[in-house]
1. With the checklist (1) touching a strand residue (DSSP E or B) at 6+ places or on another chain (Cβ under 6 Å); (2) modelled with pLDDT under 85; (3) among the basic types (Lys, Arg) in hand, flag the one item B:ARG89 doesn't pass.
2. Please go through the stretch A:61-107 and pick out each residue that is more than 27 Å from A:LEU134 (Cα to Cα) and either touching a Lys or Arg at 6+ places or on another chain (Cβ under 7 Å) or in a strand (DSSP E or B) (or both).
3. Looking only at the stretch A:262-297, how many residues end up being under 21 Å from A:SER198 (Cα atoms), more than 11 Å from chain B (Cβ to nearest Cβ) and not aromatic (Phe, Trp, Tyr)?
4. All but one of (1) surrounded by fewer than 20 Cβ atoms within 10 Å (Cβ to Cβ); (2) modelled with pLDDT of 95 or more hold for A:PHE101, so report the exception by its number.
5. Looking at the stretch A:260-286, which of its residues are β-branched (Val, Ile, Thr) and either touching a Gly at 6+ places or on another chain (Cβ under 9 Å) or assigned by TED's automatic domain parsing to the domain that holds A:PHE207 (or both)?
6. Look at the stretch A:179-216 and say how many of its residues are among the charged types (D, E, K, R), closer than 19 Å to A:SER83 by Cβ and more than 11 Å from every other protein chain (Cβ to nearest Cβ).
7. Of all the residues that make up the stretch A:243-279, how many are in contact (Cβ under 8 Å) with a residue 12 or more places away in the chain and farther than 30 Å from A:GLY202 by Cα?
8. Out of the residues in the stretch B:31-55 that are more than 7 Å from chain A (Cβ to nearest Cβ) and part of a loop (DSSP other than H, G, I, E, B), which is surrounded by the most Cβ atoms within 10 Å (Cβ to Cβ)?
Amino acid sequence: MNESTPAIQMENLCYSYGRAEAVNNFNLTVRPGRCYGLFGRNGAGKTTTMKCLLNLLRPKRGNVRVFGIDPAKQDVAAKKRLSYVPDQVAFYPWMTIRETFDYLASFRENWNQKTEKELLDRFRLDASQRTDALSKGQRTQVALIAAVCPETELLVLDEPTSGLDPIVRREFIETVIGAYQEGHPGSRTIFVSTHLISEFEGLIDEFTIMDAGRAVLTLESDHARERYQKIRARFSEPPPKLALEGALHVQTSGRELEIIANGAARSIEDHLRAQNPESLSTESLTLEEIFVATLKS
Amino acid sequence: MLFQISYKSGKPIYLQLVDQVKAAAASGALRAGEALPSIRPLAEELRVNRNTVAKAYSELENLGIVETQPGRGCFLKSNNGALRKDARRKLLITEIDQALVQAHHLQVPRKELLELIQERLEALEEKRRVNKETKNEEA
């Protein structure tokens, strides 16, 4: 296995539930060591994509590879390399946290007990508690510990923080950054699907926005924020209609103008400046704003 | 030192960290021999990717602004002259040009602009002087 083998590769992935197409010719490549975000609205096909990756669903067409392995053919070999936190966490209700970890660790070649202890302390969890007595937030914390301790090369997170309170969400992300990325940051890959984009903003190197089963935009986060800019200008009189190339969205309100630019911010600014605005300011869109701008246009 | 990340500046995150260390070094907020925060706690606190912080630190090391002592951490170097003179000028010219364009656009005349630069320079020197005094009092 060489360095350049992608952690995840999907080619022309298709999946349908009966006649309803959920994923349609979807392509995505996640390089090792990266944190990759999959963004989409409810029903965009994120979870179906995740399930194809985890071999919980068989793609109707196309390929899925995890470190070059086809999970449909070599289920165990692929699963060895990854761990997973689902959106709906379920454990055997009669087991305690301790028993749950022992049970899960029995399937793993490696289990970092030091990390387990640290995270139990951090989350203030009592390992002797039965899992059916846990709150939703605690259940997610247990699932996260169980995903971090095997120290796999790939961590798959499916809507991990939805429905959790802000403190738990914050701790969750800090744990992914701290405990998971700790070992070998260069070879720890994270694949996260979410619509709570702003929380993961700093973590995500690269992302794909998915809509109606298709990839509509794939970009590096830094590059995206450089490319998508919001320009505001105020004039002494209501501005004339300007033909602005590269403007994704233009909104006028009295003497003010707001433009969402996609890659052409500089030339739009020059254009506006030529009209002698009273004020002119530019700021980048956050990933969440890019998401909204992309899906609304 | 404390960092502040903005996702609205359009500047890559690692570069924001680099620039903030440079600014802190220039203003005296960070002194020679003082340590930068360790990568893991800083990444957790800012909730940014560890690799982003690591990239910023290695960039600072390449620029000769900090040095990494294995097992101990990352420290501000004593000679900030490590940046070659023309490299330093180049860094500054970009920033100055931006300010000049902005001044033109805000219709600030040349004389006023030069006065403003003078004024800011004095303000920075004053800040450095205060920082130095605090240091002496501590010692």
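1. (1)
2. A:ARG61, A:GLY62, A:ASN63, A:VAL64, A:ARG65, A:VAL66, A:PHE67, A:ILE69, A:ALA72
3. First, the residues of the stretch A:262-297 that are under 21 Å from A:SER198 (Cα atoms): A:262, A:282-297.
Still in the running and more than 11 Å from chain B (Cβ to nearest Cβ): A:262, A:291-297.
Remaining after also requiring not aromatic (Phe, Trp, Tyr): A:262, A:292-297.
The total comes to 7.
4. Among (1) surrounded by fewer than 20 Cβ atoms within 10 Å (Cβ to Cβ); (2) modelled with pLDDT of 95 or more, the lone unmet condition for A:PHE101 is (1).
5. Residues satisfying the conditions are A:ILE268, A:THR282.
6. Total meeting the criteria: 0.
7. 13
8. Checked the stretch B:31-55; the qualifying residue surrounded by the most Cβ atoms within 10 Å (Cβ to Cβ) is B:LEU36.
The values are calculated or read from the model by the stated rules, or taken from the named source; none is laboratory data. The model shown is predicted, which means the values in this text are computed figures rather than measured ones. Heads up, the Cβs are rebuilt from the backbone with ideal geometry, glycines too, and the neighbour counts pull from every protein chain shown.
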